[in-house]
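J.: Quick one: the structure is below, and I'll ask about it shortly.
The values are calculated or read from the model by the stated rules, or taken from the named source; none is laboratory data. Values in this document were obtained by computation on a predicted structure and should not be read as measured data. Using ideal geometry, Cβ is built from the backbone for each residue, glycine included, and neighbour counts are taken over all protein chains shown.
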Amino acid sequence: MITAGLDIGHQSIKGVLLDNRKILGHMTLQLAEEVDSAAKVAFQALLSRAKMRPGQVDRLFATGVEREKVSIAHGHRTEMSCHLRGAHWFFPAVRTVIDTGAEGIRILRGDGEGNLAHFALNDRCAAGTGIFLETVAIMMRITLAEMGPLSLRSSREIFLTSTCAVFGESEIVGQIHRGALREDILRAVHESVASKIAFLTRRIGIEPEVILTGGVARNQGVVDALMRNLGVKIRVPENPEIAGALGAAILAQNSAGAKR
């Protein structure tokens, strides 16, 4: 059975094609138009890359913040259940999933089958999310991909005291004016982000194995800072941003009664 999953985020759409236990293809597209239209474009792009036709896909499930707007989906599932199931596919021993998206943080606790048992959310403040890191990258005149490697070269510890994104940006400007090195500022940013994520994670408790998903997981500086804050090893999938879409495809595969 071939299934598809679409994860509708605040800024992008992630898609996965799944054939039983094999990922046939995946992609990420920026969300540049109305959600339903963008979802159709993303699905077609996913099929084109895999050289497949729509009729070859048995079911498609959508997840994400505006999943209900995806008219081509046979079903819709929550971000929590999909990210946990996707992480479980990558690492079957996972019990705690930390999902760091563009505008929110989700902490998920699951059982041995990848079923959701407990969760905590933070979607009211940009600090600790991808948008905050994007803003910092623009301020520092670097790319997102450069942030992690640069921060790992830091040799001096400085601190950002604010847990708010707006005030955090003001502190960063102050550090720049005081002549702080770019790599030291970035390390402080990552420590601040990790501290916020760690605080939310401790609210529901940490049970190994711990997995980090979402685009922020590609930043090694954040990963290292989070491991220091939590005191546990954290694993990152090869493509951490597609965990939600993968989970949607898995749930589509498991739902024999799904209909258009």
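J.: Given the options Gly5, Gly9, Gly86, Gly114, name the one that is closer than 30 Å to Leu230 by Cβ and assigned by TED's automatic domain parsing to the domain that holds Thr201.
T.: Gly114
J.: Looking at Met27, is it outside any strand (DSSP E or B) and within 16 Å of Gly244 (Cα to Cα)?
T.: Here the answer is no, as Met27 does not meet what is asked.
J.: Given the criteria assigned to a helix (DSSP H, G or I) and modelled with pLDDT of 95 or more, does Leu6 qualify?
T.: It is false that Leu6 is assigned to a helix (DSSP H, G or I) and modelled with pLDDT of 95 or more.
J.: Report every pair of residues separated by at least 6 positions or lying on different chains whose Cβ atoms are under 6 Å apart, first residue within the stretch 107-131 and at positive phi, second at pLDDT 75 or above.
T.: Gly114/Leu84; Gly114/Arg85; Gly114/His88; Gly128/Ile105; Gly128/Val193; Gly128/Lys196; Gly128/Ile197
J.: Taking the condition surrounded by 24 or more Cβ atoms within 10 Å (Cβ to Cβ) and in the same structural domain as Ala249 (by TED's automatic domain parsing), does Leu31 pass?
T.: no
J.: While we're on this one: How about the stretch 167-260: which helices (runs of 4 or more DSSP H) wholly inside it have at least 2 residues that are not hydrophobic (A, V, I, L, M, F, W, C) and not assigned by TED's automatic domain parsing to the domain that holds Asn115?
T.: 243-254
J.: Yes or no: the stretch 35-58 includes at least one residue that is touching a residue at least 60 places away in the same chain (Cβ under 8 Å), touching a helix residue (DSSP H, G or I) at 6+ places or on another chain (Cβ under 6 Å) and either in a strand (DSSP E or B) or surrounded by fewer than 18 Cβ atoms within 10 Å (Cβ to Cβ) (or both).
T.: So far as the stretch 35-58 goes, no, none of its residues is touching a residue at least 60 places away in the same chain (Cβ under 8 Å), touching a helix residue (DSSP H, G or I) at 6+ places or on another chain (Cβ under 6 Å) and either in a strand (DSSP E or B) or surrounded by fewer than 18 Cβ atoms within 10 Å (Cβ to Cβ) (or both).
J.: Additional query: Does Gly15 fit the bill of being touching a helix residue (DSSP H, G or I) at 6+ places or on another chain (Cβ under 7 Å) and surrounded by fewer than 20 Cβ atoms within 10 Å (Cβ to Cβ)?
T.: So Gly15 does not fit the description; no.
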